[in-house]
Amino acid sequence: MKILEVDNIFAGYGKSEILHGVSIYLEKNEVITIIGPNGAGKSTLLKAVMGYISIFKGDIYWKGEKVTQLRPDEKVNRGFAYVPQLGNVFPSLTVRENLEMGGFIQSKEVIEEGIDKAFELFPILADRARKKAGTLSGGQRQMLGMARALMTDPELFMLDEPSAGLSPKVSEEVFSTIADIHSKMGRAIVIIEQDAFQSLNISDRGYVLVMGQNEFEDKADKILANEKIREAYLGG
Ligand SMILES: Nc1ncnc2c1ncn2[C@@H]1O[C@H](COP(=O)(O)OP(=O)(O)OP(=O)(O)O)[C@@H](O)[C@H]1O
Ligand SMILES: [Mg+2]
């Protein structure tokens, strides 16, 4: 069953159109990776799905319901969550305060439960609960950004370049955590990545986006084995 369907959307900033007819879908519990060169519109696609920018044409369906023009908070209420490429934590707040903010739509008890769960999934954050987020390492910040977005117990989890700026070892940890989240919580996950090997390794399918349009799509293992795609988009 398709849980999310993005059907031929045109979207952008103000009057400037960046996405010229992009389509993706996600089955329940599927993990997909979206790759593509700088400026292809990958981040713009997630912002459009989340409701942060205007969709000029085309539609988005969530469990069969048309949600194209819903606001971000309405999307959050339906189970959407999004970890932006940058600025995914509040540096001057503590780790715990960041998590509380992430659970803003819920009751106090549910927030406390969510924090307990987050500390189980990300033990490193439990040790640093009272530290300011600004003092965390890049990898720890990324973990906190993910934990914060998971506070609303989302069904759709979208991550914009979770490994950006991280060392290979730390980015490996981030991807194994994402795989862990998927196996333990069974969420539909969309990952955008420049460095796509690790991401495709934990994905079911992948898309290549170029200049605001779909260029290619296939099963993740097929993409990893595709010489042309490897050369063009995965650095050989
Ligand atoms: N806030 C904005 N206002 C106007 N144009 C924007 C804005 N953000 C991005 N753009 C433009 O939209 C296009 C696509 O940008 P986007 O950030 O979606 O690409 P991307 O595929 O995520 O690239 P990267 O791999 O560098 O993150 C670019 O031409 C960019 O300049
Ligand atoms: Mg981007």
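The values are calculated or read from the model by the stated rules, or taken from the named source; none is laboratory data. Worth saying up front: this structure is predicted, and the values here are computed from it rather than measured. Cβ sites come from the backbone with ideal geometry, for glycine too, and all protein chains shown count toward neighbours.
Determine, yes or no, whether M211 is of a type in the set (A, V, I, L, M), within 16 Å of ligand 1 (Cβ to nearest atom), within 24 Å of V49 (Cα to Cα) and touching a His at 6+ places or on another chain (Cβ under 9 Å).
yes
If we scan segment 176-184, do we find a residue that is closer than 26 Å to V22 by Cα and touching a Pro at 6+ places or on another chain (Cβ under 9 Å)?
yes
Quick check on my filter: what residues within segment 86-118 are surrounded by 15 or more Cβ atoms within 10 Å (Cβ to Cβ) and in a loop (DSSP other than H, G, I, E, B)?
Within segment 86-118, N88, V89, F90, L93, G103, Q106 qualify.
Given the options S163, S203, S171, S199, name the one that is modelled with pLDDT of 90 or more, of a type in the set (S, T, N, Q) and surrounded by fewer than 23 Cβ atoms within 10 Å (Cβ to Cβ).
Testing whether each residue is modelled with pLDDT of 90 or more, of a type in the set (S, T, N, Q) and surrounded by fewer than 23 Cβ atoms within 10 Å (Cβ to Cβ) leaves just S171.
Name the residue that is surrounded by the most Cβ atoms within 10 Å (Cβ to Cβ), counting only residues in segment 20-40 that are within 18 Å of the chain's Cα centre (by Cα) and over 22 Å from Q198 (Cβ atoms).
Among residues in segment 20-40 that are within 18 Å of the chain's Cα centre (by Cα) and over 22 Å from Q198 (Cβ atoms), the one surrounded by the most Cβ atoms within 10 Å (Cβ to Cβ) is V22.
Examine segment 150-159 for a residue that is in a helix (DSSP H, G or I) and under 18 Å from P84 (Cβ atoms), and state whether such a residue exists.
Within segment 150-159, one or more residues are in a helix (DSSP H, G or I) and under 18 Å from P84 (Cβ atoms).
Out of the residues in segment 26-44 meeting the condition of being closer than 15 Å to Y82 by Cβ and of a type in the set (S, T, N, Q), tell me which one is farthest from ligand 2 (Cβ to nearest atom).
My answer is T44.
Among the numbered criteria (1) modelled with pLDDT under 95; (2) in a helix (DSSP H, G or I); (3) loosely packed, with under 15 Cβ neighbours inside 10 Å, which one does K222 miss?
Every listed condition holds for K222 apart from (1).
Failed condition for I34, given (1) within 16 Å of ligand 1 (Cβ to nearest atom); (2) modelled with pLDDT under 95, with all others met?
(2)
Suppose we keep only residues that are of a type in the set (A, V, I, L, M, F, W, C) and out of contact with any helix residue (DSSP H, G or I) (no Cβ under 6 Å at 6 or more places or on another chain) within segment 209-236. Which one would you say is farthest from ligand 2 (Cβ to nearest atom)?
Checked segment 209-236; the qualifying residue farthest from ligand 2 (Cβ to nearest atom) is A225.
Mind checking which pairs have a first residue in segment 1-20 that is under 17 Å from E215 (Cβ atoms) and a second that is assigned to a strand (DSSP E or B) and among the β-branched types (V, I, T), Cβ under 6 Å, 6 or more apart or different chains?
V6/I24; V6/I60; I9/V22; I9/I55; L19/I9
For segment 64-82, indicate whether the set of residues that are among the small types (G, A, S), touching a residue at least 60 places away in the same chain (Cβ under 8 Å) and within 16 Å of ligand 1 (Cβ to nearest atom) is non-empty.
No, the conditions are met nowhere in segment 64-82.
Among the residues in segment 84-96, are any touching a strand residue (DSSP E or B) at 6+ places or on another chain (Cβ under 6 Å), within 16 Å of ligand 1 (Cβ to nearest atom), under 22 Å from I189 (Cβ atoms) and at pLDDT below 95?
Yes, because at least one residue in segment 84-96 is touching a strand residue (DSSP E or B) at 6+ places or on another chain (Cβ under 6 Å), within 16 Å of ligand 1 (Cβ to nearest atom), under 22 Å from I189 (Cβ atoms) and at pLDDT below 95.
Could you list, in sequence order, the residues of segment 125-137 that are out of contact with any Ser or Thr (no Cβ under 8 Å at 6 or more places or on another chain), touching a residue at least 12 places away in the same chain (Cβ under 8 Å) and surrounded by fewer than 17 Cβ atoms within 10 Å (Cβ to Cβ)?
Hit for segment 125-137 is S137, nothing else.
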